[in-house]
Structure formats: structure tokens, C-alpha cells
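Here, each number is a calculation from the coordinates, and none is a lab measurement. The model shown is predicted, which means the values in this text are computed figures rather than measured ones. Positions of Cβ are backbone-derived with ideal geometry, glycine not excepted, and every protein chain shown enters the neighbour counts.
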Amino acid sequence: MSTEYQVIRQRLERLYSELVEAEKLLHPAITKLRTILGEFLGVEVPAAAPPPAPPPERPSLAIPELARPPPTVARKKTAEELLEEILAVLKEGVKPARYTVHKFIVAPQPITYEGNAHDLGEDYDAVILVPTIDAQIEVDRNVDVSTPVVKAWTSLNLDNMKVRRIFYKGVTPNLQGSMNIWAFKY
């Protein structure tokens, strides 16, 4: 599997998981807010669509000692309580994972056709790399002929992977550029 395909797949998987998390956080808040505003304005709230039919139950063994008690029914919150909850969520907003350390540097060794490397000094959880010229970039290993090219001024986002050393090599002889590096620890 090519490195370029893996990088694209990682980006798409990260985008998908971020969208799923945002949907989980926002959907209930938006529904509650619409319901409360509808009640306040006297607008008839459309009936919720019936939940999909559960899949047919498979026969299973019931062990009386392990049977769970029926779930307790929670008290229905008042419109004011729900509105306060929604406003608290909206006030906080959707926040991505917070980083504890942020480091921005321009690598002291230029991007050259011969290749260079930069050691961050310790492992980081996420790194954004932006070369100023077309370059091949690898993490924690040397660049080889199969390494894909990252175009000039294009960001290469590496998330959820430990990064310490960055190896880079220009693709055009006699041309030098800089490697911009943003590193984050969560």
C-alpha cells in the first residue's frame, strides 16, 4: 500500500471521526433547542419519527442471577431546565482535543535535493508540515524513491501518531526551501 494512499486514508478517517463526534454533540442540542423554542412560541412541534423496528431477537439463555433490573425512568425535565442545559452547551461550544504543548519552528536545515532531517527532541502526538518547495517527507525513517511528493505550501497533517524525527528531501536539483513545522502534544 503506498504511503500517499495511507496518508489520504488517515486524513479521511480523521475527518469522518470528527464529523461523527460533532454530530453526536450537536444533534441532541439542536433538537432540544428547537423543541423548547417551539413550545415557547406556541408552534406545534412535529411528532418525532417512530424509531426503527429493533432487529429480531435471537434466542438466548437467561440466567436469573445475572438478569438486570428494568431501567428506571428519568424525571422529565422542564422547558427551563432544558433551555439552561442547551445554553450551557452552546456557551461551551464544540471543542477539539486540547493540546498541552505547542511548538512552531522553521527547521534550521533547508530542504535540499540531497535531503535533511530535523529532530523535534521528543515525541509529539500531532504534527503539521508545510514545505516551501516540492518535497518528499518521511517520519522516523529516511526518504526513499517510493516516498510521495508533497507540493510546495501544502500541509501534511500527521495526527494520532508519535513523531520525533522528520526526514525531507527536495525533488528539484539546485533548489532550496524551508520546512515549517507545528508540533502538538495532547
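One table, with the values for the structure above:
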| quantity | calculated |
| --- | --- |
| Spacing of the two label points (7 Å from each Cα toward its C-beta) at HIS27 and TYR186, in nm | 2.2 |
| Stretchable slack from ASN142 to LYS91, in nm (0.36 nm times residue separation minus alpha-carbon distance) | 13.7 nm |
| Burial ordering of TYR99, TYR5, fewest other beta-carbon atoms within 10 Å first | TYR5, TYR99 |
| Separation of the LEU19 and ARG164 label points, Cα + 7 Å toward Cβ, nm | 3.6 |
| Per-peptide average of other Cβ atoms within 10 Å, ordering 128-140, 168-180, 19-31 highest first | 128-140, 168-180, 19-31 |
| Extension gain from HIS102 to SER178, taking 0.36 nm per residue of separation minus the Cα-Cα distance | 25.4 nm |
| Chain lengthening between LYS151 and VAL43 when straightened (0.36 nm per residue, less Cα-Cα) | 33.5 nm |
